[in-house]
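A.B. asks: Before we start, here is the structure in question, set down as structure tokens.
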Amino acid sequence: MIRTQEDNPTIQSTAERMAAACPAEPRWSPWAALIMAWVRPATLARRTNHVPLWKAYLVHLTAVFLGTLLVWFLVAWSKSDKLPWDVTAITLMLVDLAHHIVREYRNWPQDFYLWVFGTFLVIEGSALLTAFLAAGWAATDEPFRGSLAAGVRRTWLGTSLLLPAILFVGSTGNTLNYLSNDWQRSSRIQWPMPPQPPPDLQKGTPEWDAYQQQEVDYNRAWQAVLREYERAMPWYLRHAQTLIGMASALALAWAIWTWLCGASAERGLPPRDHPPLCEWCGYNLSHAPADGRCSECGRPVEESLGPDVRAGSPWEHRAVVGRWRAWRLCAWEAMIRPISFGRRLRLRTRVTAHGWYLASCIPLLMACAWVGWFGFYVAIEKRNPFEADNQGVLGVFSMAAVFTAGFLTAVLCLGASFAGFLFASPDRRNLLPVAIQAAAYLGPFLVLWTLFAGLAAVAVVLLEPVYREISQRVGVGLLQLFGPSALQRLSWVLANMGWLIVYLYLVARITSGARCANR
Ligand SMILES: [Zn+2]
């Protein structure tokens with residue numbers, strides 16, 4: 001007897017199904033999200049599964065409004081050049097800022113509206129894109145649109161997690177800026193004065209030589225004072241840019257982690273009733289005997305419904321297989337045998353192992369990204385940034401490494417949502433829960449891609465003469481207009497597009513192995 005959701009009138013609404021699945025989980029008001037989104041993201045997500053989307057959107061709008069106020073406060077604080085508890089100075093600056101905004105509105109109302117509307121569109125568009133990326137993590141055995149709605153709800157409720165991140169980066173920058181200004185005021189350094197050229201200075205005369213010598217002396221003295229100045233500086237001012245870069249990297253990594261914790265929390269929906277299908281051809285096996293064969297493709301029913309089917313990835317059995325061996329097996333099988341790997345993954349049982357697999361890949365990915373950015377810098381600047389890090393490039397590399405990891409995490413989520421969308425149709429299974437596992441188990445592919453991107457960037461810089469030669473010889477239309485640097489960028493982007501296409505293809509291949517999953 002095949003039972004479907006429609007046959008069961010007693011359990012219908014999502015809320016009721018949820019209540020039946022986990023009656024013990026208390027419910028929170030959506031407004032709890034303003035604090036709990038960054039304090040306890042997973043608990044919040046579990047306890048707000050019932051919240052209707054329009055209420056989640058109100059919470060999101062409130063968080064955006066609070067974020068705007070926070071940014072105004074941070075800007076006013078930075079302009080006041082005072083410590084944050086100097087409330088009077090900051091309030092005066094806020095009033096000044098408000099006057100400035102009103103003036104802008106009076107003078108150029110159309111520009112003002114355009115600017116506000118544009119900013120609003122960018123924020124809302126990013127939130128919806130993030131929600132689409134969250135769908136795979138939130139997905140469970142439900143229609144595809146249910147997973148999308150869950151992604152939207154969790155992202156809107158999670159908007160306020162950006163507030164502490166913005167506050168942390170802003171106050172780090174403002175405090176360092178204040179300390180730096182304060183130190184410059186208190187340190188009485190005498191900078192040498194530049195020499196004045198004598199009137200009617202002629203090249204090649206003894207006066208000219210004397211003037212040249214004065215210039216050299218001046219530069220040397222200036223360098224000496226600069227070294228003295230830097231030595232006298234406290235370490236946190238000497239490395240201020242590095243520290244700000246590190247703070248931004250930390251805030252970004254924390255925000256992504258918190259978002260993922262919330263997005264992947266338990267949904268609490270009971271599994272839906274599906275007819276048992278042949279794993280190989282999708283034929284309905286409802287009436288087939290357990291020891292018989294599929295009447296469509298002739299495969300034993302055991303291979304579709306037996307206890308050994310869909311045992312889960314090797315990483316799910318890492319306690320038995322061994323951590324390192326399981327890691328390698330997953331990496332190899334996901335890349336080399338995607339379909340047979342996809343046949344092992346479970347679609348309807350809640351699994352969390354893939355999240356930890358991805359987490360194990362992230363440090364590797366960041367290390368590769370750091371080395372890539374370092375190599376790119378050295379190839380371009382032809383100097384070792386470790387020797388004198390005046391520009392804070394080491395902090396910039398760390399920020400760029402975290403940014404690269406964040407970008408690739410977004411690509412990963414996009415790959416999963418894309419594959420889920422590819423196979424989505426109302427009468428079939430929602431493959432998002434396997435698509436996100438597929439994308440995560442391809443983490444080592446992302447590491448290899450990062451390594452390639454770094455090496456390719458260095459190679460493209462070093463091969464500049466070749467590019468110049470090519471652009472001169474070939475001189476193809478538009479490319480010649482942009483010159484060799486456009487050719488360099490284009491070849492790098494095209495090579496990386498190739499990696500992206502292979503990645504999306506592999507995610508889709510693994511996911512397709514779960515089309516007829518019964519578990
Ligand atoms: Zn079959």
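A.B. asks: Could you list, in sequence order, all residues of the range 108-159 that are hydroxyl-bearing (Ser, Thr, Tyr) and touching a Leu at 6+ places or on another chain (Cβ under 9 Å)?
C.D. replies: Those that are hydroxyl-bearing (Ser, Thr, Tyr) and touching a Leu at 6+ places or on another chain (Cβ under 9 Å): Thr140, Ser147, Thr155, Thr159.
A.B. asks: From the residues in the range 280-305 that are part of a loop (DSSP other than H, G, I, E, B) and more than 10 Å from the ligand (Cβ to nearest atom), which one is surrounded by the most Cβ atoms within 10 Å (Cβ to Cβ)?
C.D. replies: Restricting attention to the range 280-305, the residues satisfying the condition of being part of a loop (DSSP other than H, G, I, E, B) are 280-283, 285-292, 294-299, 301.
Okay, now just the ones that are also more than 10 Å from the ligand (Cβ to nearest atom), so 286-287, 289-292.
Numbers: Ser286: 10, His287: 10, Pro289: 8, Ala290: 10, Asp291: 9, Gly292: 12.
The selected residue is Gly292.
Residue-by-condition table, conditions (1) crowded, with 17+ Cβ neighbours inside 10 Å; (2) within 23 Å of Glu142 (Cβ to Cβ); (3) without any contact (Cβ under 8 Å) to a residue 40 or more places away in the chain:
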| residue | (1), (2), (3) |
| --- | --- |
| Pro52 | no, yes, yes |
| Gly67 | yes, no, no |
| Phe73 | yes, no, yes |
| Trp77 | yes, no, no |
| Leu83 | no, no, no |
| Val87 | no, no, yes |
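A.B. asks: Condition (residue is part of a helix (DSSP H, G or I) and closer than 26 Å to Gly262 by Cβ) applied to the range 108-119: is it met by at least one residue?
C.D. replies: Yes - at least one qualifying residue is present in the range 108-119.
A.B. asks: State whether the residues of the range 319-338 include one that is farther than 30 Å from Ser286 by Cα, β-branched (Val, Ile, Thr) and more than 27 Å from the chain's Cα centre (by Cα).
C.D. replies: yes
A.B. asks: Residue check: is Val95 modelled with pLDDT of 95 or more and in the same structural domain as Trp137 (by TED's automatic domain parsing)?
C.D. replies: The answer is no for Val95.
A.B. asks: Could I ask something else about it? Inspect all residues belonging to the range 332-349 and state whether any of them is hydrophobic (A, V, I, L, M, F, W, C), exposed (fewer than 13 other Cβ atoms within 10 Å of the Cβ) and within 27 Å of Glu142 (Cβ to Cβ).
C.D. replies: Yes, some residue in the range 332-349 is hydrophobic (A, V, I, L, M, F, W, C), exposed (fewer than 13 other Cβ atoms within 10 Å of the Cβ) and within 27 Å of Glu142 (Cβ to Cβ).
A.B. asks: Among the residues in the range 185-200, are any at pLDDT below 90 and in a helix (DSSP H, G or I)?
C.D. replies: Yes, the conditions are met somewhere in the range 185-200.
A.B. asks: So which pairs qualify, if the first residue must be in the range 192-208 and closer than 20 Å to Asn219 by Cα, the second must be surrounded by fewer than 11 Cβ atoms within 10 Å (Cβ to Cβ), the Cβ gap must be under 8 Å, and the two must be at least 6 apart or on different chains?
C.D. replies: Trp208/Gln202
A.B. asks: Restricting attention to the range 461-480, does a residue exist that is farther than 30 Å from Cys278 by Cα, among the aliphatic types (A, V, I, L, M) and either under 18 Å from the mean Cα position of the chain (by Cα) or in the same structural domain as Arg145 (by TED's automatic domain parsing) (or both)?
C.D. replies: There is no residue in the range 461-480 that is farther than 30 Å from Cys278 by Cα, among the aliphatic types (A, V, I, L, M) and either under 18 Å from the mean Cα position of the chain (by Cα) or in the same structural domain as Arg145 (by TED's automatic domain parsing) (or both).
A.B. asks: Condition test on Gly322, is it away from the ligand (no atom under 16 Å from the Cβ), surrounded by fewer than 19 Cβ atoms within 10 Å (Cβ to Cβ) and closer than 30 Å to Gly406 by Cα?
C.D. replies: Values: away from the ligand (no atom under 16 Å from the Cβ): yes; surrounded by fewer than 19 Cβ atoms within 10 Å (Cβ to Cβ): yes; closer than 30 Å to Gly406 by Cα: yes.
For Gly322, the condition - away from the ligand (no atom under 16 Å from the Cβ), surrounded by fewer than 19 Cβ atoms within 10 Å (Cβ to Cβ) and closer than 30 Å to Gly406 by Cα - is met.
The values are calculated or read from the model by the stated rules, or taken from the named source; none is laboratory data. This one's a predicted model, so the numbers in the text were calculated from it and none came from an experiment. Cβ sites come from the backbone with ideal geometry, for glycine too, and all protein chains shown count toward neighbours.
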